[in-house]
Each structure stands twice: as C-alpha cells, then as structure tokens.
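Structure first, commentary second.
A short reminder: the numbers here are calculations on the coordinates, not readings from a lab. If you're wondering where the values come from, they're calculated on a predicted model, not measured in any experiment. Using ideal geometry, Cβ is built from the backbone for each residue, glycine included, and neighbour counts are taken over all protein chains shown.
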Amino acid sequence: MNKFFEERKIKVETFRDIRGRNKQPNKVAIPDGLFIKCDKCNEYIFGEDLKTNNYVCHHCNFHFRINARFRINITVDEDSFTELFSGIKSTNPLDFPDYDKKIDKYQKETDESEAFICGVGKINGIDIAIGVLDSFFMMGSMGSAVGEKVTSLIEYATLHNLPLLIFSASGGARMQEGILSLMQMAKTSAAINKHHNNGLLYLSVLTHPTTGGVAASFATLADIIIAEKGALIGFAGQRVIKQAIQQDLPHQFQTAEFQIEKGFVDTLCDRINLKDLIYRMLRIHGVKKNA
Amino acid sequence: MANKVLIANRGEIAIRIIRACKELGYGTVAIYSKADKDSLHVQFADEAICVGDAPSNSSYLNINNIISAAIATGCNVIHPGYGFLSENERFAEIVEKCNLRFIGPTSEVIGKLGNKVKARMIAKSVNVPIVEGSNGTVENTNAAVQIANKIGYPILLKAVNGGGGKGISVINTESQLKKEFVRTASEAEANFGVKDLYIEKYIENPRHIEVQILADHFGNTIHLGERDCSIQKRNQKIIEESPSPFIKERLRRTLGRAAVKIAKSIGYKNAGTVEFLVDKDGNYYFIEMNTRIQVEHPITEMVTGIDIVREQIRIAYDHNLNITQDQVKINGCALECRINAENPENNFRPSPGLIKNLVLPGGHGVRIDSHIYNNYEVPPYYDSLLAKIIVHAPTRREAIRKMRVALEHLIIDGIETNIEMQYLIMHNPSFVRGTYDTSFLVKFLELVREFR
C-alpha cells in the first residue's frame, strides 16, 4: 500500500484528536437473534435469509434442525395440509417423576401437543399422507401417543389408498413410558406391513438425528429410504457402542454418507432438492394426481 | 469559416478554455514554452505550437510569436486567459490590427482600466465611491509625504501598472514612507516596466469583494453577483467564496449596479470583474476592474449555473447574451481553494518538481480545475497554482464540510503543497463563522506558529 494514504490518515486523525472530535459513536444495538451463527462453519447468517434458504447454511451447506411444522410447510403444496389426529396426547402411565411437567414444558415451547405431527397434503398436486417427527419436542422420542399417531396415520393412508411419507428425527423410544414405548415399535411396524400389502408406496426420510426405537421400526421399513444431508442415523449412541465393543469406531460412523456406503439407506438428498426427489419417486412408482 | 481559438496561456486555465471551445465545437490551438511540452493543455488541444523558451518573456509574453502562431494555424480568435498578456493593451491592439479577435474588451478599454489612476477617475465620474488617494502618480518622496499627511496614515503605495501583489506597500509612518518609496518604485520598474507609483488611503481590515460582469456587443450588461476573496496572502487570493457571507442583499444589489454602471460608462465588452473594498460598516470603495477571466470564476459559475468562459467565447463571436439580469439567480454557496506548489511553513517557498502520485477528490458538488497528472513535472518558471478545488452546496456550512472532505481526499505526492493549510483554514472558527477580513491569513499563520 502506498504510504501517503497512511500518512494522510494519521494527520487527519491527529487533528481530529486535537479538536476533540474523536468521540466514539453510540453502538447500535442489533436485536438479539437477528443473526444466526452456523454450528459448522461459524459464519453469521441473517435470520430471514436462513429461513428463505430452508435453514441451510449459505456458506457451508450445513443443515440446521427444523421443526415439524416448518418441514411440512416446505414439503407440501401451499395451503394443502390438513392435520389429523391432533387430539392424541400423552398420559403418564407409569407415574414417572416430572414427566407431566416435562410434557407441559415442551408443549408450551413448541406450541405442539406431541412430537409427531401428521395429516394429509399434496406434493405438486399428488395426495399423500404425511407425518413428521419433531426433534424439538423431547428429542422426537416415541411414546404411546406418538406411536398411536404414527399408526393412525398409516392406517388412514391404507384406508384411503394414499402413499405415505414420514420424516423421522428422533432419539428413539421415550424412556418415561418404558415398555409401552417399546411396544410402539411393533405396532407401527405391523401397520406399515398392512399398508405395504395393499400395494401402497411408503417413503421414509431420515433427518438429523434418526436413532433408537424409531430407526429400528417404521423409519427403516419404507420402500425407499432417503437420508437428508448431514443426518446422523443409527441405533445406539456412539459412546455406548465404543464402550461395548472396546474398539475405535470407523471414520464418519453413523453419518448419512456412511449409511449410504453400507447400504442402510437408498439415497442421500439435501433439503433444497428433497421435495423434487419425493415428487419424482411418487411419479416413477405410478402414483397419479387425483383429479 | 470554421471557428478556431488560440489559447494564449498555460496551466489549468488553458484547459478550462479548451474544454469550453470543444463543447462549442470550435477548434483549439495551444501555445507552449519549451518547458511545457509535456503540459496537459498541449496534449488536450487540437493543435499545439511552441512559442519559445521556458522563461515567460520568451514564450507566453512573446507577442510576435503568439500572433504568428495564430495566423499560421488559421485561428480567428485569441483567448488570453489570466495573467501573462491578458491585460496587455498593446497585445490586444496588435490582435485587433491583425484582424483577429481578442477575448476581452477593446485595447482602448484595457488601457483605461489597466491604468489604476484612470480607472479611479472613471469610477468617480459615475459616482461610485473610491478610496481617497493621490489622484494620479506621485512624483517623488516629498510629494508622497504631502499627500499622505493630507489623507492620513496608514496609506498604500502602489505601482500604477501593478498587480499580483507586487509593487505594493503598506505605510504606517512618515519615516517608513521615506524609506519604502524608492524601493517600491524600483520593484515596480523591475516587474512592470514602469516605476510610477500612486498613493491611496489604506482601509484597515476590509473585505475584498468583487463583482462578475458580462457584457455583449448589443448593449446588454449584467452582473453575476459577488465573490468574497478576502483570504489573501500578500494580496494574492487563496480562498474565494460566493456569495459573500458578509454582504446583505441590499448591498449586493448596490455593488452589482455600481459595477454595471462602471462597465457601461466605458463601453465594456466581454467578461470582467469590478473589485471593491468593503469596510466593516458596509461602506464600499471601487479599487480596480480586471478586464479578463479571473482564476476564481468557477465559484460564480457554480452558484449561477452560467458558464462564463463559454459566454466569453460566444460574445467574441458576436453572439448576444441570452440571459437577462432577472434570470441570474444565486443558488447555494460555492467555495474555491487554490492548491499551490509551495510550502506555507517555509514562507511559501515555491516547490516545483515531480508529482509522483496524484489522487483527486470527487463526488456530488465537487469540481476540480487542474492541469496536473501523475508523473507531471511542475516547472519552476511559472506561477505555483496546481489545482482549484471548487465545492458547491446548498448552504455555506455544508460547502465548508464538503471542502474539508475534498481536501482530506486530495493527495499530491512528491512536492510540497498548501493542502494542509487549506484544510486547517476550513476548520478555523473565524473562517467558519464568515467573520474574516483581508487580515485573516496573517493572523491565521500566527495562530499556526503558536500551536506548533
């Protein structure tokens, strides 16, 4: 850089100091939450921009977690979603300490009644039954209410000859309901089987994270299993496995990319292309638009 | 026949005139000295002719060579710019006799106004107040003392043909007068060829106000408001502004009318400037009339929107003014800072040399009239003006702020300049308030010395 710019700047600054005009301006307060920091690349992204980009980082393509309601909004056609079975709610069958309080807290936080939201909607005009697990509600865990809603949705799809689309994001079975939660695995699996036997298509999308009882039941029983980019997919947690087998885990263990390589999922897709992929899958498998 | 103008000048004013000619679609011929062959006006004119060696006497003041250049290149008009031959009666006369046109009034008018004694008589004849004085040249020291005693000290001792701050002395006492008379006379002779001096009452700390005049060949004479040129060093202007922060609307009209009256009384043609001193009570005194374009003309152009150089050329080609006095409106405020190659910290010693790097300011309301460029070698032979920074804004305060930023962004690397001094003046309370007079710079420089 040419030194005369620097020299001039120093002179002007010095003069300003002499005149006492170097007051610091009042800092502008930016409202909290206006910018969101990417968990992966640490870049700051303007919140509105992040939303229009479906919560995918502009810089590193990191996929932020999204709630079930937002997932439905970006998946089905505008104004086409009708919610079903929203009245099914959890009880505390085992009198598990503080479980009621916890449910209450999550209901207030997320404005949802349970960790699974389902209903019917259209994908580019094609009618489907759609269900989404909400990882913001008790980590999308499956208790009897979630299991019942999933089963009801599958049965509804079977009854109405609708293809089924479920987005999973779950820590697994909900421990507060013990064996009752584990029983949901069998119940949902049986319902899937009936849907399948009726010759209907089931697409499962595994989003971050899909683990435990959910991964071990309906989420992986689909005709086509799609993993969203950046999703962690597995049954037990990495630490548990490491301690059990006393071995180092392979590179990228339980990532979506890893599961593709091992044949556990069929395809990998980023959020932006997901709807299009689902639509093409539906069309390829002969699902027609209802007039 | 195509219109073609010879520009008998150099530097920024030559470029200013070339631009106006080109905008009018007229041909341009530049003249230059051997020292100026790399000068910008030489590059920008359609044609350029060398008229002599580096010293002005051999080139820019060389009447024969300049006339020959005009004839040889088929020019029909000569624009003399300012300085050099611009107010030279003989030059104008020769131009006229060669059937060329001189941009300015007739040689006769130049002669009358160029002689300051005659000029004062003209003003007096149309009842425009003048500064009391000797009513003619003063023969010797004794006569000078007599007149001085009559009008009272302090007095000014001035060369009859003087200008540019040379051949002029302020005298406070009789003993000083006796000492200075001979010295000033010889300075006058050295600079202007004539040693005649005259005396006038010295008005303490007046403001220097001048009124721009335009007159065509059809009897239309208008004025374009005033310029305040009170910021001077040794009677050389360094900052000018229009309108003056000191002049009220009523005085503005009075000065305008007085200027037009003087111009009309002698059949003045083309652009001219009537200079007044205005004291703190608003009394005004005619001092002289400049029969040429002024260095500081751009500020008047900015506030009136009238291209004075263009009008000069149009008038020379017998076009009439298409503006009436009623249509002249003063909009906002314009300031001009002269950027000179000189060192204000070393008694304004000239600083010619190579410009290694040049960065010019810009933006809305910023105008730069200059002839310098990167790697341009400023020759030591001519005046030290490098550039004129002109700003125009709705109010005076905004114009000052604009000028500060413009000066901050102006970088001329390689030679010493007065940019910093100008920047400091733009922050001086007296300047910012607009309460300064012609003694401003002396006081300002003392202030700078104190704070060093």
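Normalised by residue count, segment B:100-178 yields a Cα convex hull volume of 117 Å³ per residue.
The slack between B:S58 and B:E174, meaning 0.36 nm per residue of separation minus the straight C-alpha distance, is 37.7 nm.
For the protein assembly as shown, the share of DSSP beta bridges that are antiparallel, to the nearest 5, is 70%.
The amide H of B:F102, built 1.01 Å from its N in the peptide plane, has B:I78 as neighbours under 5 Å, considering only residues 5 or more places off or on other chains.
In plain terms, the residue of B:F451, A:F258, A:F116, B:F286 with the fewest other Cβ atoms within 10 Å comes first and the most crowded comes last, giving B:F451, A:F258, B:F286, A:F116. Please tell me the relative contact order of chain B in percent, rounded to the nearest whole number, where contacts are Cα pairs under 8 Å and at least six residues apart. Averaging sequence separation for qualifying contacts and normalising by length gives 14 percent for chain B. Segment B:217-269 and segment A:25-79 have Cα centres separated by 65 Å.
Expressed as a fraction of 2.2 N^0.38 Å, the C-alpha radius of gyration for chain B is 0.94. Remark: segment B:422-429, residue by residue, has Karplus-estimated 3J(HN,Hα) of 4, 4, 5, 4, 5, 10, 5, x Hz, where x stands for each Gly or Pro and the curve is 6.51 cos²θ - 1.76 cosθ + 1.60 at θ = phi - 60°. Computing FRET efficiency as 1/(1 + (r/R0)^6) for B:K248 and A:K242, where r is the C-beta to C-beta distance and R0 is 56 Å, gives about 0.05. Legend: translational diffusion of the protein assembly as shown by Stokes-Einstein, Rh = Kirkwood radius over C-alpha pairs, 10 °C, 1.306 mPa s; D = 48 µm²/s. Calculated translational diffusion coefficient of segment A:102-242 (4 °C, 1.567 mPa s; Stokes-Einstein with Kirkwood radius over alpha-carbon pairs) equals 87 µm²/s. Highest GNM mean-square fluctuation among A:G33, A:G131, A:G199, for chain A modelled with Cα contacts below 10 Å: A:G33. For segment A:66-284, the share of DSSP beta bridges that are antiparallel, to the nearest 5, is 40%. FRET efficiency for the B:I71 to A:E261 pair, using the beta carbon distance and R₀ = 60 Å, is estimated at 0.05. Kirkwood radius, segment B:109-240, all distinct C-alpha pairs, inverse of mean reciprocal distance: 16.0 Å. Below 8 Å, C-alpha to C-alpha, sequence gap of six or more: please give me the relative contact order for segment A:1-97 in percent. Relative contact order comes out at 12 percent. Per residue, the convex hull spanned by the alpha carbons of segment B:308-452 comes to 159 Å³. Averaging Cα coordinates gives a centre for segment B:117-152 and one for segment A:214-275; these two points are 107 Å apart. Extension gain, A:K37-A:K108: 0.36 nm per intervening residue step, less the Cα-Cα distance, totals 23.0 nm.
Normalised by the number of residues in segment B:175-252, the average gap of Cα pairs under 8 Å and 6 or more apart makes the relative contact order 17 percent.
Taking the Cα of A:D270, stepping 7 Å toward and past its beta carbon, and measuring to each backbone N in segment A:228-243: which are under 18 Å? Counting backbone N atoms under 18 Å from the label point, the list is A:228-232.
Within the same chain, lysines fewer than 8 places from B:K124 are excluded, and of the rest, those with a Cα less than 18 Å from its Cα are B:K112, B:K116, B:K201, B:K261, B:K264. The count of lysine pairs in segment A:1-64 whose Cα atoms are under 21 Å apart, excluding pairs fewer than 8 places apart on the same chain, comes to 6.
Of the residues A:L162, A:L180, A:L249, the one that moves most in a GNM of chain A with alpha-carbon contacts below 10 Å is A:L249.
Would you calculate, for the protein assembly as shown, the mean residue ellipticity at 222 nm contributed by helices, counting each DSSP H stretch of 4 or more residues as -39,500 (n - 2.57) and dividing by all residues, to the nearest 500? Counting only the DSSP helices, I get -11000 deg cm²/dmol.
Going through the cross-link list B:K34/B:K97; A:K89/A:K149; B:K233/B:K388; B:K118/B:K269, which pairs have a Cα-Cα distance over 21 Å in this structure? Exceeds cut-off: B:K34/B:K97.
For B:V194, nonlocal amide neighbours, meaning residues 5 or more places apart or on other chains whose placed amide H falls under 5 Å from its own, do not occur. Relative to the 2.2 N^0.38 Å rule of thumb, chain A has a C-alpha radius of gyration ratio of 1.28. Here the peptides B:333-339, A:50-56, B:443-449 are ranked by packing, the mean other Cβ count within 10 Å, and the order with the highest first is B:333-339, A:50-56, B:443-449.
Counting only DSSP beta bridges with both residues in chain B, the antiparallel share comes to about 80 percent. Taking a straight Cα-Cα cut-off under 17 Å and skipping sequence neighbours fewer than 8 places away in the same chain, the aspartates and glutamates within cross-link reach of B:K402 are B:E240, B:E241, B:E336, B:D369, B:E420. Given bins 5 angstrom wide, list per bin the percent of all Cα-Cα distances in segment B:207-451, short to long. Spelled out bin by bin, segment B:207-451 gives 1, 6, 14, 17, 18, 16, 13, 8, 5, 1, 0, 0 percent. Note on B:V117 and B:L24: with the Förster distance fixed at 45 Å, the Cβ-Cβ geometry gives a FRET efficiency of about 0.75.
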